[in-house]
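> Have a look at this one.
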Amino acid sequence: MKVVTTRAELRAARAGLDGSVGFVPTMGYLHDGHLALVAAARERCSAVVASIFVNPTQFGPTEDLAAYPRDLDRDLARLEAAGVDLVWTPAVEDVYPPGFATYVDVEGLTGVLEGASRPGHFRGVATVVTILLSLVRPQMMFVGRKDLQQSVVLRRLAADLGLADEVVVCPTVREPDGLALSSRNAYLDPEHRRAALVVSTALRAARAAYRDGERDAVTLRRIMHDVLAAEPRAEVDYVSLADPDTLVELDGEVTRAAASLAVRVGVPRLIDNSLLHDPDPELDRPMSTA
Ligand code: PAF
């Protein structure tokens, strides 16, 4: 596995990769969800490129940029064991050269949900991913469904700017008890780790109601609110039931519906989601409480 830092090193190493390239962008502190993206890329492409870059432009002024967990040596060992060919670990000035002044805005999809709670977040994500894709030039990019809105935004961006043939969205990987894997779970102390389970429990409750025939958007949202309200350590940011493609909030009778939650549990703000109309085996299986 080759590890490069500067844009020039990346260009030279990329030129040496033959066949189709699959790209996995990350902010590091890798967990099994990231490794599932690498595995999917290996299956579909001849070579796999990953990036590790904690992108400052997608963090708000009061967010956790400085505290964001980092462990480069462990990340590189995990990527090597997973069969990655090339890793880009740029410094901030390799991504944003002096005088940097070009930003990318994806309109329409970014004003709601995470975009409403975190102003400027998607401008930062869209800008960095545009830079990463223009330099890595992959055929396919692999992202996780846990960041549902991000996956919708990045599909739009890649199609609009012609930066990848396909954006593959891989299922959320969960702990045995249902908690979605996230680098920010590292901020949970044992008490809040237990309380954090309320997030996936609320989604499971909405899935169960939908499976039993409940189709009213207001009722489905209320079911999730009720589960969250029973956990005093959970501070709800939003409970959404939206169209999975446009992310517009649904009203009345629903058919295709994305349930999304953002909840602060102690230090971290956790997000999770489920497409109620699709199978979601990781959420529908019986949960282990061990
Ligand atoms: O999902 C993430 O880790 C980041 O938002 C991404 C796509 C790597 C851009 O910094």
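> Using each residue's phi in region 102-117, evaluate 6.51 cos²θ - 1.76 cosθ + 1.60 at θ = phi - 60° and report the 3J(HN,Hα) Karplus result to the nearest Hz, with x for Gly and Pro.
Per-residue couplings from phi come out as 10, 10, 10, 10, 9, 7, x, 9, 10, x, 10, 6, 4, x, 6, 7 Hz.
> Follow-up question, since we're still on this one. Quote the relative contact order of the chain in percent (integer), defining contacts as alpha-carbon pairs under 8 Å separated by 6+ residues.
RCO, the chain: 17 percent.
> Under 5 Å between amide hydrogens, which residues at least 5 positions from Leu270 or on another chain qualify, with H placed 1.01 Å from N in the peptide plane?
Amide H neighbours of Leu270, under 5 Å, 5+ apart: Val263, Arg264, Val265.
> May I pose another question? Work out from phi, with θ = phi - 60° and the Karplus expression 6.51 cos²θ - 1.76 cosθ + 1.60, the ³J(HN,Hα) of each residue of region 257-274, listed in order in whole Hz, and give x for Gly and Pro.
Along region 257-274, the couplings run 8, 9, 8, 10, 10, 10, 9, 8, 10, x, 6, x, 9, 9, 10, 7, 7, 8 Hz.
> Next question. For the chain, take the longest principal axis of its alpha carbons; what is the angle in degrees between that and the long axis of helix 72-81, to the nearest 10 within 0 to 90?
Taking the Cα atoms of the chain, the angle to 72-81 is about 90 degrees.
> Once amide H atoms are built 1.01 Å from N in the peptide plane, which residues 5 or more positions from Thr172, or in another chain, come under 5 Å H to H?
Here Arg145, Lys146 satisfy the definition.
> Assigning unit charges at the beta carbon (Lys, Arg +1; Asp, Glu -1) and nothing else, what dipole magnitude in debye, to the nearest 20, does the chain show about its Cα centre?
400
> Let me check I've understood the local charge: for Met1, count other residues with C-beta under 12 angstrom from its C-beta, Lys and Arg +1, Asp and Glu -1. What total comes out?
Overall, the nearby charge balance is -1.
> OK, next. Calculate for the chain the 222 nm mean residue ellipticity that helices alone would give, adding -39,500 (n - 2.57) per DSSP H run of length 4 or more and normalising by residue count, nearest 500 deg cm²/dmol.
My calculation for the chain gives -11000 deg cm²/dmol from helical runs alone.
> Residue by residue, what Karplus-based ³J(HN,Hα) values in Hz, rounded to whole numbers, does region 218-228 have, using 6.51, -1.76 and 1.60 with θ = phi - 60° and x for Gly and Pro?
5, 5, 5, 5, 5, 4, 5, 4, 4, 5, 5
> Which residue fluctuates the most in the chain, going by a Gaussian network model with Cα springs under 10 Å, if the choices are Glu166, Glu214, Glu253?
Among Glu166, Glu214, Glu253, the largest mean-square fluctuation in the Gaussian network model of the chain belongs to Glu253.
None of the figures in this text is laboratory data; all of them are computed from the coordinates on show. For clarity, every value in this text was computed on a predicted model and none was experimentally measured. Counting neighbours? That spans all protein chains shown, and the Cβs are built from the backbone with ideal geometry, glycine included.
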